[in-house]
Amino acid sequence: MAAPGQGLSTNLYGTSWFDVPPDKALLIEWQPPAAQLWSVQLANAWWESLDYINHLSSYNSSQAVADPDGVFRFVIAHEDPGLANWLDPTGHPEGSLLFRLQGASEARDPVLKLVDRASLHQYLPEDAVRVTAEQRRELLERRRRHAAVRWAP
């Protein structure tokens with residue numbers, strides 16, 4: 001995962017490419033190491049961040065939710081799978097995927113698996129954290145409020 005020579009010397013980066021057709025989902029399982037902060041984000045083919053204000057196209061260590069087994073499971077899918085850490089590609093069938101760790105004790109690679117969207121739940125533990133449509137709306141509204149404060153003049 002480490003990419004030396006980029007950014008701060010205490011940062012570790014991992015990059016990948018996603019290519020997810022509408023009938024598929026990319027399941028990402030990761031147990032991040034101890035770190036001051038970590039994040040996962042999607043970007044387009046030119047490494048431009050996707051709309052993270054109006055879509056759930058990124059998570060940081062305070063936003064993401066671990067399943068009861070301690071594994072963070074992210075899912076890139078074009079439709080909301082009802083899971084806590086859905087990464088919305090905002091209509092992009094492919095693009096870049098970035099993992100960033102600040103002050104990490106070590107690097108740990110995520111495990112990625114492309115699966116049929118219809119059978120995604122068979123690859124998850126029974127107690128994987130689910131999110132209702134109302135909870136999803138609340139998460140997006142919280143992002144919008146935080147962005148309004150961050151980008152306010």
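The values are calculated or read from the model by the stated rules, or taken from the named source; none is laboratory data. Everything quoted here is computed from the prediction, not taken from an experiment. Positions of Cβ are backbone-derived with ideal geometry, glycine not excepted, and every protein chain shown enters the neighbour counts.
Quick look at the values:
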| quantity | calculated |
| --- | --- |
| Residues of region 95-150 classified as part of a helix (DSSP H, G or I), at pLDDT 95 or above and within 27 Å of Tyr13 (Cβ to Cβ), total | 1 |
| Residues that are in contact with a strand residue (DSSP E or B) (Cβ under 9 Å, 6 or more places away or on another chain) and among the β-branched types (Val, Ile, Thr), drawn from region 13-53 | Thr15, Val20, Ile28, Val40 |
| All positions within region 113-144 that are closer than 17 Å to Leu56 by Cβ and surrounded by fewer than 10 Cβ atoms within 10 Å (Cβ to Cβ) | Thr132, Ala133, Glu134 |
| Pairs with Cβ under 9 Å, 6+ apart, first in region 58-76 and at negative phi and touching a residue at least 24 places away in the same chain (Cβ under 8 Å), second of a type in the set (Asp, Glu) and in a loop (DSSP other than H, G, I, E, B) | Asp67/Asp127; Pro68/Asp127; Asp69/Asp127; Arg73/Asp67; Ile76/Asp88 |
| Odd one out for Pro32, checked against (1) out of contact with any Leu (no Cβ under 9 Å at 6 or more places or on another chain); (2) within 24 Å of Gln135 (Cβ to Cβ) | (1) |
| Exclusive hit being of a type in the set (Asp, Glu), on the phi < 0 side of the Ramachandran plot and in contact (Cβ under 8 Å) with a residue 60 or more places away in the chain, set Glu94, Glu126, Glu134 | Glu94 |
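To keep it simple, each residue is scored yes or no on (1) surrounded by fewer than 18 Cβ atoms within 10 Å (Cβ to Cβ); (2) in a loop (DSSP other than H, G, I, E, B); (3) modelled with pLDDT of 95 or more.
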| site | (1), (2), (3) |
| --- | --- |
| Pro22 | yes, yes, yes |
| Ile28 | no, no, yes |
| Ala34 | yes, yes, no |
| Trp47 | yes, yes, no |
| Asp69 | yes, yes, yes |
| Arg73 | no, no, yes |
